[in-house]
Amino acid sequence: MSNREQTLSIIKPDAVERNLDNEIKEIFKSNGFKIINEKKIKIEKSEAEQFYKVHETKPFYNDLCAYLSSGPIVVMILEKENSVIANRELMGATNPKDAAEGTIRKKYGISIDKNSVHGSDSIENAKIEIDFFFKD
Ligand code: CMP
């Protein structure tokens, strides 16, 4: 049975600023992800606060939201078999210094904050995150 599912990916300000968005999109495509929809946008801090609401009690919440809203980002709906897990594997560990060789965060990440990409952490959150950016 096919298990094709969608996940939300964000290319974060540090990567867009370095013009890495096309290169990162190619990595997704060459790993079998189909980009169903995409847009380059800049969000307000209040929108970042809503997007990252699950982290609102964390000490890094304010910096995280300031950072995501600091410059243009590329948001994408990615589709592949088991895309949530596949995307998390391809991104690598949250902290680039712990990320495995061959992962996006290992290759491009600068720090735990400037870790170049975000990906949904569950199928349920993928639906919520896709709606957040693409429901009109
Ligand atoms: P992301 O996958 O976008 O989800 C939340 C983000 O918070 C995470 O990537 C990191 O960039 C950022 N972050 C900053 N500090 C931490 C931390 N201590 N633990 C987890 N995430 C952190």
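The values are calculated or read from the model by the stated rules, or taken from the named source; none is laboratory data. These numbers come from a predicted model, not from an experiment. Cβ atoms come from the backbone with ideal geometry, glycine included; neighbour counts cover every protein chain shown. Note: areas computed on protein heavy atoms with side chains; ligands, DNA, RNA excluded. Shrake-Rupley method; radii C 1.70, N 1.55, O 1.52, S 1.80 Å.
With respect to Ile43, determine if the residue is surrounded by 14 or more Cβ atoms within 10 Å (Cβ to Cβ) and free of Cβ contacts under 8 Å to residues at least 60 places away in the same chain.
yes
Looking at this structure, is Val74 closer than 19 Å to Glu17 by Cα, near the ligand (Cβ under 9 Å from one of its atoms), modelled with pLDDT of 95 or more and not acidic (Asp, Glu)?
no
Provide a single number: the residues in the stretch 17-40 that are in a helix (DSSP H, G or I) and open to solvent by 40 Å² or more (accessible area, probe 1.4 Å).
So the count comes out to 6.
Residue by residue through the stretch 106-130, note down the ones that are open to solvent by 80 Å² or more (accessible area, probe 1.4 Å), near the ligand (Cβ under 9 Å from one of its atoms) and out of contact with any Asp or Glu (no Cβ under 6 Å at 6 or more places or on another chain).
Ile112, Asp121
Just the residues that are touching a strand residue (DSSP E or B) at 6+ places or on another chain (Cβ under 6 Å), within 17 Å of Asp21 (Cα to Cα) and outside any helix (DSSP H, G or I), please, taken from the stretch 77-116.
Within the stretch 77-116, Ile77, Leu78 qualify.
What are the residues in the stretch 84-105 that are in contact with a helix residue (DSSP H, G or I) (Cβ under 8 Å, 6 or more places away or on another chain), touching a residue at least 24 places away in the same chain (Cβ under 8 Å) and either open to solvent by 30 Å² or more (accessible area, probe 1.4 Å) or more than 12 Å from the ligand (Cβ to nearest atom) (or both), if any?
Of everything in the stretch 84-105, those that are in contact with a helix residue (DSSP H, G or I) (Cβ under 8 Å, 6 or more places away or on another chain), touching a residue at least 24 places away in the same chain (Cβ under 8 Å) and either open to solvent by 30 Å² or more (accessible area, probe 1.4 Å) or more than 12 Å from the ligand (Cβ to nearest atom) (or both) turn out to be Val84, Leu90.
Taking the criterion of being within 16 Å of the ligand (Cβ to nearest atom), surrounded by fewer than 17 Cβ atoms within 10 Å (Cβ to Cβ), of a type in the set (A, V, I, L, M, F, W, C) and within 17 Å of Phe133 (Cβ to Cβ), would at least one residue in the stretch 54-66 satisfy it?
yes
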